[in-house]
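One structure is given below, encoded as C-alpha cells.
Nothing in this text is a laboratory measurement; each read-out follows from the coordinates by a stated rule. Values in this document were obtained by computation on a predicted structure and should not be read as measured data. A quick note on method: Cβ atoms are made from the backbone with ideal geometry, for glycine too, and the neighbour counts reach across all protein chains shown.
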Amino acid sequence: MAGRIEDYALIGDLQTAALVSRDGTVAWMCLPRFDSGAPFAELLGTEDHGFWHIGPATTTASPTAANRRRYRGESLILETEWDTPSGTLRITDHMPPRTDGPPRLVRIVEAVHGTVPVTSTLRPRFNYGQTVPWTRHTNHRTVCIAGPEALWLDSPLPAHGTKQAHSEFTLTAGEQVFFTLTWQPSHAPAPHTVAADESLEATERFWTDWVAQCTYRGPFRDAVVRSLITLKALTYAPTGGIVAAPTTSLPEDIGGVRNWDYRYVWLRDAALGMTSLLRTGFHEEARAWREWLLRAIAGDPENLQIMYGVAGERDLKEAELHWLPGYEASLPVRIGNGAAQQLQLDVYGEVAEVLFLSAQFGLAPDKDSSRLLGHLMHHVEAHWTEPDEGIWEIRGPRRHFVHSKVMAWAAVDRAVRLIEAGHAHGPVDRWRRLRTTIHEDVCAKGFDHARNTFTQSYGSAELDAALLMILQTGFLPPDDKRVIGTVEAIQRELSTADGFLLRYPTSGARTGVDGLPGDEGEFLVCSFWLADALAKIGRADEAFELFEKLLALRNDVGLLAEEWNSGLRRQVGNFPQALSHIGLSDAALTLSLYPQVPVRREPAGRCAVVRTGQLEGARPKGALR
C-alpha cells in the first residue's frame, strides 16, 4: 500500500528517477527514461503492481517505517536507518549518474551495530504494473524478462521465487550486502556487474563537484541547495530538458479526478527552472536547455507547444490506465497529457526571459537563438490579442487571462532589451510600440478600479495568484498602488487559514473556470511568489514569516509536492514538483537581499538572528537591466 506523498524520497541518475518510501520500498520507478513505463507502480496501486522492498524482517505483514533518513551531505544519496530490538540497520540508496551505460539502482545494506535480520523482495511488474515477468535465478544473478524489457539483480546472496526475487539474511555490526538492479533491453546481453562501493564514491563525487558551482551564500543555503539538487535530478541529461515532476497522477484532490502526467518538459517550468539555476551559478544547464529548446521546436517554431517529451517529442497523447486503482482511489490514472496542444501565451514570455538572462549571465550569443526569438515575437504579434487556456491549463473555455497578456508583454520587453544591448536583431521600433500597446491594453481591460486589483481575466471578478508575476516581470514597479492593491487582494481573497495561497477559486462539486469538478490544495509555488511579492512591496517581516512556514511543509529530506492540503495536513499533487522548488529558490534569493532575517529556529535548536552578507549569484555583473 502506498504511503503519504511526503513519505517518499527521490533518487535518480539524470535520466530517470525512483521514489523510495520511509519503509525502504521503491514504489515508483520508470525505466529507462522519466516518461517510460514503470516496473514499480505500487505508488498508483498495490504491491501487485510492482515494488522493491528492503528492510528489517518483521512478524507483521507490513514493512516497518524507518526511524530516520537523510541525504548524504549535498548529494542525492539516500541513507535510511532503522533501530530494531537487536540492532541498527542502514540502507544507502543511489543511482549513479548515467553516462554511456544502462540505468542502475544500487542499494547497500549494512548493520551499524548489533545483529539485524533483513529481507529483500523484488517484485517488478512491467508496463505500469500490468505485466508479470518471467523470473529466473542463476549464479547469484536474477533476471526478470517481459517482452522488450529485462531487469537484472546482482547480489552475493541467493534469491528465490518464480514471480519475484526474495532473499532473507542476517547482518552483524560492520557487515554489508550490496544489491544492484540494472535495466536492459531483453535482447541485449547481460549487463556487466559494478562495484557498489566504487559506484557510491563516484556518485558522491559527482554531486559534490556539481554543488560546488553554487554561488548562493544566503541564510537559506541548505534549503536552496536541496531545491537545486532536485531540479538537477529532474533534468534529462542527454538533452537538457527538465521534467515538471517524475510522477504521474498523484492527485491534487485526494479521491478526485485532478490527476495529470507531469513527466514531460513544460516550457514554462523548465524556463523558470533555468532562471533559478542561472541565478545560482549553473550556466551549463542553461546552455544545454537552450540547445534542447532549439531542437524541440525545429521546423515549426510558429506552432510552439507548451510541453514536449524529454527528447523533444511532440506527440504526448493522453490515455488512461484502467488496471491501476490510483493513488488512494484517485482516478483516472493518466499517461500522456492532452494539454500539450493548448494555447498558452505566457510561455513566450518565459522563454524570452531565459534567453534574456542567458545574455545577462554571459552565455555566448547564438545566432539560432536570436532567430528563434524573432519567430517567437512574430507569433506574439499575431496572437497576443487571442484568448488562451492560461498558465493553469484550464479545460474550460478560453479566456483573455491577464497573466498571459502580461507575459506576452514580457516577451516583447525582453526582445527589445536584447536588441538594444546588441544580443539580437529585429524591428525594435515596431516592437517598442507593441510593448506599449500590450501594456495599455492590460491596464485598461484587466484592472478593477473599484477593488484596486488586477483580475484573473478581462471582465472577470475572480483573482488569480499568477497575477503576482506582474511584479516579478517588472510590468509595474513594486511601489505602484495597483501592484500593492493586487498583492493585498490576492493575500486577502486566495489565502487559506494557514496563510498559503490557492491558485484561483475552485467550485467544489461544480465545474468552474478550469472545467473540472472538485477542489485542490494550496499551490506551493504561488505561496512562494507571495513571499517574494510581500518583501518587494515593503512587508519583509510578513514575507519571512510566510517563507519559514513554507519551509516547514517540506518533508524530512527537504522535498515538496505540487500542493499542500491544509485540511488534511499533507502534501498533494505530483512529487517532487519542480515549480515548488523553483519558487523556494527564487524567494530565498529575494529575501536574502534584505539586511536581516527575523529570529528563526536553527536546525540544532538554537535561535539566532541571521544577518545576510552580499548575495552572490542574484544578479550578474554588467547586467542588462
> Toward the positive end of the charge dipole of region 213-611, about the Cα centre and with charges on Cβ (Lys, Arg +1; Asp, Glu -1), which of H449, S276, H581 goes farthest?
Replying inline: S276
> In degrees between 0 and 90, to the nearest 10, how far off the longest principal axis of the chain does helix 540-551 point, with axes built from Cα atoms?
Replying inline: 30
> Dividing the convex hull volume of the alpha carbon atoms of region 421-496 by its residue count, what do you get in Å³ per residue?
Replying inline: 110
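Taking 8 Å as the Cα distance limit and 6 or more residues as the minimum spacing, I'd like the relative contact order of the chain as a percentage. Provide the component values of the computation, followed by the final result.
Details: 1427 pairs, mean separation 78.3, N = 625.
So the answer I get is 13 percent.
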> So, in nm, how far is label E175 from label H449 when the simple model puts each one 7 Å beyond its Cα toward the Cβ?
Replying inline: 8.2
> For the pair E386 and E320, how long in nm is the line joining their label points, each one 7 Å along Cα→Cβ?
Replying inline: 2.9
> In degrees between 0 and 90, to the nearest 10, how far off the longest principal axis of the chain does helix 283-296 point, with axes built from Cα atoms?
Replying inline: 80
> What percent does the relative contact order of region 5-209 come to when contacts are Cα pairs within less than 8 Å and at least six residues apart?
Replying inline: 19
>> Projecting each Cα onto the charge dipole of the chain (Lys/Arg +1, Asp/Glu -1 at the beta carbon, about the Cα centre), which of L530, W431, V380 comes out farthest on the positive side?
In response: W431
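What is the gain in length, in nm to one decimal, between R569 and A188 on full extension, counting 0.36 nm per residue of separation less the C-alpha to C-alpha distance? Before the final figure, lay out the partial values.
Details: separation 381, 0.36 × 381 = 137.16 nm, distance 4.70 nm.
Full extension from R569 to A188 adds 132.5 nm.
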> To the nearest 500 deg cm²/dmol, what mean residue ellipticity at 222 nm is calculated for the chain from DSSP H runs of n ≥ 4 alone, each contributing -39,500 (n - 2.57), summed and divided by the residues?
Replying inline: -9500 deg cm²/dmol
> Between A237, A223, A212, whose Cα lies farthest towards the positive end of the dipole of region 193-248 when Lys and Arg beta carbons carry +1 and Asp and Glu beta carbons carry -1, centred on the Cα centre?
Replying inline: A223
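Placing +1 at every Lys and Arg Cβ and -1 at every Asp and Glu Cβ, with all other atoms neutral, what dipole size does the chain have around its Cα centre, in debye to the nearest 20? Present the calculation step by step, with values, prior to reporting the outcome.
Values: 63 positive and 77 negative charges, 158 e Å.
Computed about the Cα centre, the dipole is about 760 debye.
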>> Output the 0 to 90 degree angle, nearest 10, between the alpha-carbon long axis of helix 481-494 and the longest principal axis computed from the alpha carbons of the chain.
In response: 40
>> Give the aspartates and glutamates whose C-alpha is closer than 15 Å to that of K481, dropping any in the same chain fewer than 8 places away, or say none.
In response: D448
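Seen from all sides and averaged, what is the projected area of the convex hull of the Cα atoms in region 213-611, in nm²? All intermediate terms of the calculation are to be shown ahead of the outcome.
On the way: hull surface 75.6 nm².
Quarter of the Cα hull surface area: 18.9 nm².
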> Measuring from label point to label point, each 7 Å out along Cα→Cβ, what is the T115 to D222 span in nm?
Replying inline: 3.8
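When averaged across all projection directions, what area in nm² does the alpha-carbon convex hull of region 5-209 cover? Don't skip to the answer; put the middle values down first.
Details: hull surface 43.2 nm².
Convex hull of Cα atoms, orientation-averaged projection: 10.8 nm².
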> Which order, highest average first, do 39-52, 536-549 follow once you tally other Cβ atoms within 10 Å for each residue and take the mean per peptide?
Replying inline: 39-52, 536-549
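Given the peptides 241-249, 74-82, 394-402, arrange them by the average over their residues of other C-beta atoms within 10 Å, most packed first. Write out the running numbers ahead of the final one.
Values: 241-249: 27.0, 74-82: 21.1, 394-402: 18.6.
My ranking of the peptides, most packed first, is 241-249, 74-82, 394-402.
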>> Only four residue types carry charge here, +1 at the Cβ of Lys and Arg and -1 at the Cβ of Asp and Glu. Report the dipole size of region 269-351 about the Cα centre in Debye, rounded to the nearest 20.
In response: 140
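So, by mean Cβ neighbours within 10 angstrom, what's the order for 208-214, 10-16, 153-159 with the highest one leading?
Values: 208-214: 14.6, 10-16: 23.3, 153-159: 17.9.
Per-residue mean Cβ counts within 10 Å order the peptides as 10-16, 153-159, 208-214.
What pairs in K317/K367; K232/K317; K317/K536 have C-alpha atoms more than 31 Å from each other? All intermediate terms of the calculation are to be shown ahead of the outcome.
Numbers: K317/K367 33 Å; K232/K317 26 Å; K317/K536 41 Å.
Too far apart for the 31 Å limit: K317/K367; K317/K536.
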> Which whole-Hz ³J(HN,Hα) couplings does region 400-406 yield from phi under the Karplus relation 6.51 cos²θ - 1.76 cosθ + 1.60, θ = phi - 60°, glycine and proline marked x?
Replying inline: 8, 6, 5, 4, 4, 5, 4
> Taking H as built 1.01 Å from N, whose amide H comes closer than 5 Å to the amide H of A150, not counting residues under 5 places away?
Replying inline: Q184, S186
> Can you give the charge dipole size of region 1-157 about its Cα centre, rounded to the nearest 20 debye, using +1 on the beta carbon of Lys and Arg and -1 on the beta carbon of Asp and Glu?
Replying inline: 180
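Just to confirm a number: summing +1 for Lys and Arg and -1 for Asp and Glu over residues other than H581 whose beta-carbon lies under 10 angstrom from that of H581, what do you get? Intermediate results must be reported in sequence, preceding the final value.
Numbers: positive: R226, R554; negative: D586.
That sum, taken over residues with Cβ under 10 Å, equals +1.
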